[in-house]
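Quick notes on the structure that follows.
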Amino acid sequence: MKNLPACLTVAALCAGCATTMPAAPSAVALLAPTAGNTAKGQVTFARKGDKVVVTARVSGLAPGPHGFHVHEKGACSAADGTSAGGHFNPFGKAHGDPSAPDHHGGDMPMLVADASGNALLTAELDVITVGSGAADIVGRSVIVHRDADDFTTQPTGNSGARVACGVIRQA
């Protein structure tokens, strides 16, 4: 019983530490349609160990698969989304499937829209980072393309026009 006050003090200090520890870096992109399109949504990026979990919710798409990439510039001012530049490629790799060992940092799994035009995606990526390093995506943009990504054609996967764009901002 004599040590109870000391134990309570230590427990309170430890609890205080647990609540003041910084959260893992995260970022968000709010997608807006490019001219003549209706696609919109939100993409979040959260660090999980040495990976980044990307979660996307997009509506207003044509049913089927759509190319989905991080692009090099954080700009969506052009009506067609071209202000976002090309795919983010910090390590000079060829474009490819994000499940393969070598691919652009900006290569992500395809979005697949249902019959109502809604797409949901959750994936873990191992090339990009949030908030630091050469592969940091904060300040870049996310593009949703009109067509499927063939993961082969260089340098973009033949994904067609850009139907939505959003700048990635630290959350």
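Values as computed for the structure displayed
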| quantity | calculated |
| --- | --- |
| Cα gyration tensor of the chain - equivalent ellipsoid semi-axes, whole Å, descending | 38, 17, 14 |
| Between helix 4-20 and the chain: long-axis angle, C-alpha atoms, 0 to 90°, nearest 10 | 20 |
| Computed [θ] at 222 nm, deg cm²/dmol, the chain (DSSP H ≥ 4; -39,500 (n - 2.57); rounded to nearest 500) | -3500 deg cm²/dmol |
| Modelled FRET efficiency - R0 22 Å, residue 124 with residue 26, Cβ distances, 0.05 increments | 0.95 |
| Out-of-range pairs (alpha-carbon distance over 22 Å; input 40/93; 40/73; 51/93) | 40/93 |
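Each value in this text was obtained by applying a stated rule to the coordinates, not by laboratory testing. Source: prediction; values computed, not measured. With ideal geometry, Cβ positions are generated from the backbone for all residues, glycine too; neighbour counts draw on all protein chains shown.
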